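Novice: One structure, as structure tokens, below. Some questions next.
The values are calculated or read from the model by the stated rules, or taken from the named source; none is laboratory data. Source: prediction; values computed, not measured. A quick note on method: Cβ atoms are made from the backbone with ideal geometry, for glycine too, and the neighbour counts reach across all protein chains shown. To get the accessible areas, we keep the full protein, side chains included, count just its heavy atoms, and leave off ligands, DNA and RNA. Shrake-Rupley method; radii C 1.70, N 1.55, O 1.52, S 1.80 Å.
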Amino acid sequence: HEVKKLYNDGRKIIIIGDHGHDEVIAIADQVKNAKIIANPKEAENLRKMKRAGVVSQSTQDISNVKNIINILMTKVFDLQFVNTICYPTKRNHEQIKEIANNHDVMIIIGSFTSANSKRLTQLAQRINNNVYQVTCAEELKSEWFKNIKSVGISAGASTPDELIIMVKNKIEKIYGG
């Protein structure tokens with residue numbers, strides 16, 4: 001709805017999101033000639049324009065969106081941004097940074113095709129060198145837990161609770177607590 005409002009207001013639509021992601025494609029399909037920007041480099045390559053409306057994929061990293069918006073502010077005379085990042089995503093991104101900073105090893109549970117799980121892994125890797133993404137308990141490796149004091153665990157939004165419990169239980173067996 002927000003994209004249609006911006007478009008009907010005569011604005012060029014810019015979507016901050018991952019190319020090819022289902023949500024981004026669905027948003028872009030709401031209007032004609034929407035432009036998808038995934039990173040600051042792509043924003044730098046945009047031509048200057050008079051009016052634009054910006055939304056983002058709901059699971060985008062806040063810092064990526066801020067960086068792109070800062071660039072767009074130099075390229076668009078009349079820029080309107082509607083923050084479409086969902087609240088749980090914002091909260092999870094802040095929590096993942098804290099967990100990765102406070103633990104020796106970080107395990108992210110979630111599909112490698114999930115943009116949300118991949119983004120959580122990337123955020124944690126910016127802070128911690130020992131971050132591993134797994135899709136199930138069987139993918140855990142005992143060498144990840146040698147000579148460490150603490151393990152942080154997080155999961156993508158669509159990861160089933162049963163899977164999280166199975167991974168947690170296996171970590172406790174390997175790690176011993």
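Novice: How many residues does segment 74-84 hold that are buried (at least 16 other Cβ atoms within 10 Å of the Cβ) and modelled with pLDDT of 90 or more? I'd like the intermediate steps shown before the answer.
Specialist: Applying the first criterion (buried (at least 16 other Cβ atoms within 10 Å of the Cβ)) to segment 74-84 yields 75-76, 79, 81, 84.
Narrowing the set further to residues that are modelled with pLDDT of 90 or more leaves 75-76, 79, 81.
The number of residues fulfilling the criteria is 4.
Novice: For segment 6-26, name all the residues that are modelled with pLDDT under 95 and either more than 17 Å from the chain's Cα centre (by Cα) or basic (Lys, Arg) (or both).
Specialist: Listed by number, the list holds a single entry, 26.
Novice: Mind checking whether some residue in segment 102-113 is hydroxyl-bearing (Ser, Thr, Tyr) and either in contact with a Leu (Cβ under 6 Å, 6 or more places away or on another chain) or modelled with pLDDT under 95 (or both)?
Specialist: Yes: one or more hits.
Novice: Between 143, 138, which is closer than 17 Å to residue 173 by Cα, at pLDDT 95 or above and open to solvent by 40 Å² or more (accessible area, probe 1.4 Å)? Give the derivation first.
Specialist: Working: 143 fails: at pLDDT 95 or above.
After applying the criteria, what remains is 138.
Novice: Taking residue 104 as meeting all but one of (1) under 30 Å from residue 44 (Cβ atoms); (2) among the acidic types (Asp, Glu); (3) surrounded by 15 or more Cβ atoms within 10 Å (Cβ to Cβ), write down the number of the exception.
Specialist: Residue 104 satisfies all of (1) under 30 Å from residue 44 (Cβ atoms); (2) among the acidic types (Asp, Glu); (3) surrounded by 15 or more Cβ atoms within 10 Å (Cβ to Cβ) except (1).
Novice: Moving on to the next point. How many of the residues in segment 29-61 are of a type outside the set (D, E, K, R) and either out of contact with any helix residue (DSSP H, G or I) (no Cβ under 8 Å at 6 or more places or on another chain) or touching a residue at least 40 places away in the same chain (Cβ under 8 Å) (or both)? Don't jump to the end; show me each part of the working.
Specialist: Here is the first cut: in segment 29-61, the ones of a type outside the set (D, E, K, R) are 30-31, 33-34, 36-40, 43, 45-46, 49, 52-60.
From what's left, either out of contact with any helix residue (DSSP H, G or I) (no Cβ under 8 Å at 6 or more places or on another chain) or touching a residue at least 40 places away in the same chain (Cβ under 8 Å) (or both): 33, 38, 45, 52-57, 59-60.
The total comes to 11.
Novice: Here's something else I'd like to know. State yes or no: is residue 71 under 27 Å from residue 3 (Cβ atoms), open to solvent by less than 60 Å² (accessible area, probe 1.4 Å), among the β-branched types (Val, Ile, Thr) and more than 17 Å from the chain's Cα centre (by Cα)?
Specialist: On the way: under 27 Å from residue 3 (Cβ atoms): yes; open to solvent by less than 60 Å² (accessible area, probe 1.4 Å): yes; among the β-branched types (Val, Ile, Thr): yes; more than 17 Å from the chain's Cα centre (by Cα): yes.
Answer is yes for this residue.
Novice: Another question, if that's okay. May I ask you to list the residues in segment 39-62 that are in contact with an Asp or Glu (Cβ under 9 Å, 6 or more places away or on another chain) and open to solvent by less than 20 Å² (accessible area, probe 1.4 Å)?
Specialist: Hits for segment 39-62 are 52, 53, 55, 57, 60.
Novice: Moving on. If residue 87 satisfies every condition in (1) in contact (Cβ under 8 Å) with a residue 60 or more places away in the chain; (2) hydroxyl-bearing (Ser, Thr, Tyr); (3) open to solvent by 40 Å² or more (accessible area, probe 1.4 Å) but one, which is the exception?
Specialist: In the conditions (1) in contact (Cβ under 8 Å) with a residue 60 or more places away in the chain; (2) hydroxyl-bearing (Ser, Thr, Tyr); (3) open to solvent by 40 Å² or more (accessible area, probe 1.4 Å), residue 87 misses (1) alone.
Novice: Can you tell me which residues in segment 121-177 are of a type in the set (Ser, Thr, Tyr) and over 19 Å from residue 92 (Cα atoms)? If you could, list the steps in order and put the result at the bottom.
Specialist: Here is the first cut: in segment 121-177, the ones of a type in the set (Ser, Thr, Tyr) are 121, 132, 135, 142, 150, 154, 158-159, 175.
Residues satisfying the conditions are 142, 150, 175.
Novice: Can I ask one more? If you check residue 113 against the conditions, is it surrounded by fewer than 16 Cβ atoms within 10 Å (Cβ to Cβ), free of Cβ contacts under 8 Å to residues at least 40 places away in the same chain, of a type in the set (Val, Ile, Thr) and farther than 19 Å from residue 63 by Cα? It would help to see each step written out before you state the result.
Specialist: Details: surrounded by fewer than 16 Cβ atoms within 10 Å (Cβ to Cβ): yes; free of Cβ contacts under 8 Å to residues at least 40 places away in the same chain: yes; of a type in the set (Val, Ile, Thr): yes; farther than 19 Å from residue 63 by Cα: yes.
Judged against the criteria, residue 113 is a match.
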